[in-house]
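Novice: Pasting in a structure now, in structure tokens, and then I'll have a few things to ask.
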Amino acid sequence: MNMDTFISNSPEETQALGEACGREAIPGLVVALTGDLGTGKTQWTKGFARGLGITDRVLSPTFALVNVYEGGRLRFFHLDLYRMESREQILAAGLEEYFNPDGVTVVEWAEHWFGAVPAGGPILSVTIEATSETVRKLTYERPGH
Ligand SMILES: Nc1ncnc2c1ncn2[C@@H]1O[C@H](COP(=O)(O)OP(=O)(O)OP(=O)(O)O)[C@@H](O)[C@H]1O
Ligand SMILES: [Mg+2]
């Protein structure tokens with residue numbers, strides 16, 4: 001298990017961390033984002049999209065469940081599982097296909113997939129913790145590396 005930690009002191013710094021990942025993202029990558037409400041998962045994702053070359057505005061897909069962006073280097077799926085209460089509900093909503101994406105996927109509230117992060121392709125797990133109003137600790141883990 002390969003692990004890195006970063007400290008962010010602003011939303012812009014969190015976006016910059018996401019952007020660096022977006023620039024390096026490989027096809028099939030699934031990023032599993034975990035962290036409490038308002039820790040910065042969507043900020044990180046906005047940067048990730050920019051790193052892929054997407055210029056569309058990235059909005060949280062809390063209600064839509066998934067937003068799809070076609071304008072970047074790879075097709076980008078942005079999921080938010082906040083409202084999903086069981087794995088069955090996730091399967092019934094047809095979201096499982098995005099865990100093996102034809103492109104790359106970022107999943108907010110990935111822990112709502114209930115433990116087992118989908119296996120198979122490359123996975124980056126990002127956990128964000130707020131240590132103050134403006135400071136965030138980000139932990140990156142790459143299972144199997
Ligand atoms: N260092 C920081 N990194 C990221 N966001 C920060 C930071 N400091 C303050 N913030 C603020 O925290 C909030 C993060 O909001 P964001 O929507 O990205 O959170 P989220 O984790 O996606 O929340 P949700 O669980 O509701 O989806 C923003 O209001 C942002 O301005
Ligand atoms: Mg969010």
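The values are calculated or read from the model by the stated rules, or taken from the named source; none is laboratory data. Here the structure is a predicted model, which means the values were calculated and not measured. Backbone-built Cβ (ideal geometry, glycine too); neighbour counts: all protein chains shown. Only protein heavy atoms, including side chains, enter the accessible area calculation; ligands, DNA and RNA are left aside. Shrake-Rupley method; radii C 1.70, N 1.55, O 1.52, S 1.80 Å.
Novice: For the stretch 42-57, give me each residue that is within 12 Å of ligand 2 (Cβ to nearest atom) and open to solvent by 10 Å² or more (accessible area, probe 1.4 Å).
Specialist: THR42, GLN43, LYS46
Novice: Restricting the search to the stretch 77-103, which residues are open to solvent by 40 Å² or more (accessible area, probe 1.4 Å) and without any contact (Cβ under 8 Å) to a residue 12 or more places away in the chain?
Specialist: Matches in the stretch 77-103: GLU88, GLN89, LEU91, ALA92, GLU97.
Novice: Quickly run through the stretch 72-98 and pick out the residues that are modelled with pLDDT of 95 or more and of a type in the set (Gly, Ala, Ser).
Specialist: Within the stretch 72-98, just GLY72 meets the criteria.
Novice: Return the residues of the stretch 45-70 that are modelled with pLDDT under 95 and of a type in the set (Gly, Ala, Ser); say none if nothing qualifies.
Specialist: Across the stretch 45-70, the qualifying residues are SER60, ALA64.
Novice: Can you name the strands (runs of 3 or more DSSP E) wholly within the stretch 26-145 that have at least 1 residues being within 16 Å of ligand 1 (Cβ to nearest atom) and among the acidic types (Asp, Glu)?
Specialist: So the answer is 76-80, 104-108, 123-130.
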